[in-house]
Structures are given as C-alpha cells and as structure tokens.
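To start, the structure under review is shown below, and the notes come after it.
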Amino acid sequence: MSRSLVLISVLFITCCSVLSAQEIFEREFRILKSQFPARSLSLIHQHVQEIKRLKFYQEIDSSIPVYLAKFKKDKLWYGVQFQENGDLELIQIKIKRMDIPNDSYSQIDSYLDNMFSKYKIKSIQQQYHSNNETIDVTFKNAFQNLLLPTVHYKFIVAGKKNKRHDQYELLFDADGNLRQERIALPQNYDHVLY
C-alpha cells in the first residue's frame, strides 16, 4: 500500500511540474518601417534621440500581435514593445549577469540549479513595464537604467528537465522570484538555405 502511495505521489508531482510551464507560440518577423504603427513610431522619435541600427519587428503571439522596435543607444541594445493599437507595453534592455544585483541573481541562480539538471543562459533582458506610469517616466527609467522594484528580468534558457531539452522563457521580478515560466519555440531558421 505504501509503495503505491509513493508511486502515485511521484506521478502527481511529475505531472504538475510538466503542466506548470505553458508553451508559447511566439515568432518574431522583421517588417518594413511603413508596416509599423505610426503612433508607435512617433513615440520613439519623440522620446529617443541618437539611436543606431533601428529595426522593426512584429511578434505574433498565440493571442495578439505586438510590434517591437530594436535599436542601439549608448552601447546598449534596447527593444521597445507596443500593442497593436500603438500603446507602449514595455521597454527591454539586453544585459549581462553582472548588471543584476547579487541578492536577486543568487535567488535566480538557485532556482535554475533546482529546476534544471543542465542549463545554459542564452540571453538576459531587463524589462520596464508601463503599467501604472506615464510614458515619459517609463522611457526615463529605462534609458537611465534604474534598478527599481518594478523591474523584471527575462531569461532565455536552454535547459534539460526530465530528460528533455527545451528552450524556456523565464520572467523574474526585481527580488529574483519567478513570475512566469514558458516553453519557447526554437528559433526561426527560415532564412537558412540548404
């Protein structure tokens, strides 16, 4: 009886851990400047000066499409994400491990060690969401690279969990607590010709 109880509990825990990560069907496609929402483009030109390598993308999620402008400013890579109607959603900055406070990173690192038998961090982004703030404040906070309690860290991790290799998109808050975990699709290689 106790053996079957242990087996049932192990199966239950395994099923819960597999179901906790939702899959995302998200693809990013490069688009022309003319296809980018005019309202979003004017917001970028109004709040950002001296940018290099401005590129436009449309991200197709399983629910709604969003638009993304990526550029380089002051030796940092930025991404400004807009909703379909042109409203600012978030600003993200590509960062390295040393840019995250030690307490937060140690919490994130312990989570990754417990979650995966083997993993590699592909990219880290610091995100500034425009939830309760004005657009001006969100742009100011992002371009000053402030470490606020509302900052989120997005990790793209290639990891091995339960003998299965997948790419994960993990979202952590400023304290290093996990907020969201999603299994990401592999990168789009349509441009490769054989």
Problem - Hey, residue 141 touching a residue at least 12 places away in the same chain (Cβ under 8 Å) and on the phi > 0 side of the Ramachandran plot or not - result: no
Handout entry: Filter result (under 23 Å from residue 71 (Cβ atoms) and buried (at least 18 other Cβ atoms within 10 Å of the Cβ)) within the range 90-105
Key = 90, 91, 92, 93, 100
Problem - Meets criteria (surrounded by 12 or more Cβ atoms within 10 Å (Cβ to Cβ), within 21 Å of residue 42 (Cα to Cα), of a type in the set (Ser, Thr, Tyr) and within 17 Å of the chain's Cα centre (by Cα)) for residue 153 - result: no
Fill in the blank from the handout: Restricting the range 36-55 to residues that are surrounded by 11 or more Cβ atoms within 10 Å (Cβ to Cβ) and farther than 20 Å from residue 138 by Cα, the one farthest from the chain's Cα centre (by Cα) turns out to be 36
Practice task
Could you please give the count of residues in the range 124-146 that are surrounded by 13 or more Cβ atoms within 10 Å (Cβ to Cβ), under 20 Å from residue 95 (Cβ atoms) and not aromatic (Phe, Trp, Tyr)?
Solution key: 11
Practice task
Please enumerate the residues belonging to the range 118-132 that are in contact (Cβ under 8 Å) with a residue 40 or more places away in the chain and in contact with a helix residue (DSSP H, G or I) (Cβ under 7 Å, 6 or more places away or on another chain).
Solution key: 119, 130
Exercise for the section: Considering (1) without any contact (Cβ under 8 Å) to a residue 60 or more places away in the chain; (2) more than 19 Å from residue 182 (Cα to Cα); (3) over 14 Å from the mean Cα position of the chain (by Cα), say which one residue 135 fails and leave the rest. Expected result: (1)
Practice task
Name every residue in the range 117-136 that is hydrophobic (A, V, I, L, M, F, W, C) and under 19 Å from residue 173 (Cβ atoms), in order of residue number.
Solution key: 121, 124
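Coordinate-derived values only; no laboratory data. Note that the structure is predicted; figures quoted are calculated from it, not measured. All Cβ positions, glycine included, derive from the backbone under ideal geometry; neighbour counts span all protein chains shown.
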